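Visitor: Take a look at the following structure, please.
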Amino acid sequence: MTTKAYSASFEKLLEYEQRCESFNPASGFGGGVEGAWSGVIFKLGEARLTCNVDLIHEILPYPQATPVPGAKPWILGLANVRGSLLTVIDLAWYLTGERSPITARTRLLTAMLGKAPLGLMIDEVFGQRHFNDDESRDSDLPAGSPLGNIVSREHRVGNEAWHELDLGRLFNSGEFQNGAAD
């Protein structure tokens, strides 16, 4: 290859990099709808939940986890995922005090708490769904629901209702941040 060919190839790569850096999925460019957002939809016990897809890094099958001595029981341990340690948390156990069964459908929703990767164990992932703002309202969970402190919105699509898991509320709760056993 000549120097001009290398230069043209390099210029094309720079153009691709600039286009990638300027792309904003929330801008509506690329097929997004204004006034809508996308959520991962999943099941936790009998609850049908959704979480903003932008907050979920990955959905994984349940991995083997090594217990952490001195941690609260809902912290199932640490898992090695492609060379990175991931804290595995049984979300239902944290919320209700009852351990979730691990089945073939059990999944981890991975997210970040600061710089720490977490895997929230849930019962089943159904996929992704788009929600319009006009389908949303304040959640009407029954008084005393274990989801009450981490759900604020409800999204209705036809006759289905999906409660929006607020990871900010979950991750900022004092009890969640203090994983040391009493």
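Visitor: Where residues in region 115-159 are more than 15 Å from Ala47 (Cα to Cα) and of a type in the set (Lys, Arg), which of them is most open to solvent (accessible area, probe 1.4 Å)?
Guide: Lys115
Visitor: Restricting to region 123-177, and then to whatever is more than 21 Å from Asp90 (Cβ to Cβ) and of a type in the set (A, V, I, L, M), can you tell me which residue is modelled with the highest pLDDT?
Guide: Once the filter is applied, the top-ranked residue is Ala161.
Visitor: What residue, among those in region 64-82 that are surrounded by fewer than 15 Cβ atoms within 10 Å (Cβ to Cβ) and touching a residue at least 40 places away in the same chain (Cβ under 8 Å), is farthest from the chain's Cα centre (by Cα)? Write out each step before concluding.
Guide: So in region 64-82, the residues surrounded by fewer than 15 Cβ atoms within 10 Å (Cβ to Cβ) come out as 64, 66-67, 69-70, 73, 80, 82.
Checking the rest, the ones that are also touching a residue at least 40 places away in the same chain (Cβ under 8 Å) come to 70, 73.
Working: Gly70: 26, Pro73: 21 Å.
By that ranking, first place goes to Gly70.
Visitor: Among (1) open to solvent by 70 Å² or more (accessible area, probe 1.4 Å); (2) within 14 Å of Leu49 (Cα to Cα), which single condition is Met112 missing?
Guide: (2)
Visitor: Hey, any hits in region 71-79 for a residue that's outside any strand (DSSP E or B) and in contact with a Gly (Cβ under 6 Å, 6 or more places away or on another chain)?
Guide: Scanning region 71-79 turns up at least one residue that is outside any strand (DSSP E or B) and in contact with a Gly (Cβ under 6 Å, 6 or more places away or on another chain).
Visitor: Another question about this same structure. What number of residues in region 83-109 are farther than 15 Å from His57 by Cβ, among the aliphatic types (A, V, I, L, M) and crowded, with 18+ Cβ neighbours inside 10 Å?
Guide: Residues in region 83-109 being farther than 15 Å from His57 by Cβ, among the aliphatic types (A, V, I, L, M) and crowded, with 18+ Cβ neighbours inside 10 Å: 3 in total.
Visitor: Something else: Give Phe126, Phe171 a once-over and let me know the one that is outside any strand (DSSP E or B) and under 15 Å from the mean Cα position of the chain (by Cα).
Guide: On the way: Phe126 fails: outside any strand (DSSP E or B).
None of the others qualify; the one that does is Phe171.
Visitor: Sticking with this structure for a sec: Can you tell me which of (1) over 25 Å from Pro63 (Cβ atoms); (2) of a type in the set (A, V, I, L, M); (3) part of a helix (DSSP H, G or I) is the one Ala143 doesn't meet?
Guide: (3)
Visitor: Tell me which residues, restricted to region 59-70, are closer than 24 Å to Asp166 by Cβ and either of a type in the set (Phe, Trp, Tyr) or modelled with pLDDT under 95 (or both).
Guide: Residues of region 59-70 that are closer than 24 Å to Asp166 by Cβ, as a first pass: 59-60, 62.
Passing the criteria: only Tyr62.
The values are calculated or read from the model by the stated rules, or taken from the named source; none is laboratory data. Bear in mind that the values here come from a model prediction, so they are computed numbers and not experimental data. Positions of Cβ are backbone-derived with ideal geometry, glycine not excepted, and every protein chain shown enters the neighbour counts. Areas reflect the complete protein model, heavy atoms only, side chains present, ligands, DNA and RNA absent. Shrake-Rupley method; radii C 1.70, N 1.55, O 1.52, S 1.80 Å.
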